[in-house]
Amino acid sequence: MSIKSGKSIFLADDDADDCMLFEDALREVSESVELTTAYDGVELINLMKTNVPPPPDVIFLDLNMPRKNGFECLEYIRKTSQWKDIPIVVFSTTGQEDMVKKVYEQGANYFIRKPGSFPKLKQAIRQILDIDWTSHSWKPASDNLLYHF
């Protein structure tokens, strides 16, 4: 599989170690993808206001963040006309079915439970980057809402 060069990703996660691990995995998957990191929801929205357009190809969004959590960010992004079509992957440690259903109801395109190993994290990133979001608003089957790696 080949990742299209020139892609841009926004990552919103308040855990600095998770951000560093994500960046390391991303660099091993593709050195040409640009990563912009926000450490909470308020910072993500401020980055969106100053950096979009052009929109990122995908936003990886943690749910549990200070100041503005992932649910609040998701709702805000989906209600903002110039951002509403940006693919959003909720990337969280939670696996509670009600939380997963809620993020899909709010407009998330995909939900991934944070993988427990570096190879699985690389696999998750590669799979998301390989989705052609322009051809469809891809979502998993309703019986497989939570993606485990």
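Determine the dipole magnitude for the chain: charges of +1 sit on the beta-carbon of Lys and Arg, -1 on that of Asp and Glu, nothing else is charged, the reference point is the Cα centre, and the result goes in debye to the nearest 20.
It comes to approximately 380 debye.
Would you list F118, F91 from fewest to most Cβ contacts within 10 Å?
Numbers: F118 12, F91 26.
Placing the least packed residue first, the sequence is F118, F91.
At a Förster radius of 30 Å, what calculated FRET efficiency corresponds to the Cβ-Cβ distance of S81 and D130, to the nearest 0.05? Don't skip to the end; give the middle numbers.
Working: r = 28 Å, r/R0 = 0.93.
For S81 and D130, the calculated efficiency is 0.60.
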Hey, can you grab everything whose amide H is under 5 Å from the amide H of D40? Only 5+ residues off in sequence or another chain; H modelled, so Pro and N-termini drop out.
D13
Taking θ as phi - 60°, what are the ³J(HN,Hα) couplings along the range 72-78 by the Karplus curve (6.51, -1.76, 1.60), each to the nearest whole Hz, with x for Gly and Pro?
5, 5, 4, 4, 5, 5, 5
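Determine the gain in length on full extension of the stretch K7-R27; use 0.36 nm per residue of separation and subtract their C-alpha separation, reporting nm with one decimal.
Details: separation 20, 0.36 × 20 = 7.20 nm, distance 1.25 nm.
Separation in residues times 0.36 nm, less the Cα-Cα distance, equals 6.0 nm.
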Spatially proximal aspartates and glutamates relative to K84 (Cα-Cα < 13 Å; intrachain offsets below 8 disregarded)
D57, E75
5 angstrom amide H check on Y110, placed H, neighbours 5+ away
I88, V90
Neighbour-count ranking for L26, L35, L44, L129 (other C-beta within 10 angstrom, fewest to most) reads L35, L129, L26, L44
MRE, 222 nm, helices only [DSSP H, n ≥ 4, -39500 (n - 2.57), over the chain, to nearest 500]
-11500 deg cm²/dmol
Can you give me the long-range amide H partners of F60? Hydrogens built in the peptide plane at 1.01 Å from N, cutoff under 5 Å, separation of 5 or more residues or another chain.
F10, L11, A12, V89
What residue among G116, G41, G107 shows peak mean-square fluctuation when the chain is described by a Gaussian network model with Cα springs under 10 Å?
G116
If you plug each phi of the range 117-124 into the Karplus form 6.51 cos²θ - 1.76 cosθ + 1.60 with θ = phi - 60°, what whole-Hz ³J(HN,Hα) values come out, in order, with x for Gly and Pro?
9, 4, x, 5, 5, 4, 4, 4
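Quick note: the coordinates plus some simple rules give every number you see, no bench work behind them. In this text the structure is predicted, and so the values were computed from the model without any measurement. All Cβ positions, even for glycine, are placed from backbone atoms using ideal geometry, and neighbour counts span all protein chains on display.
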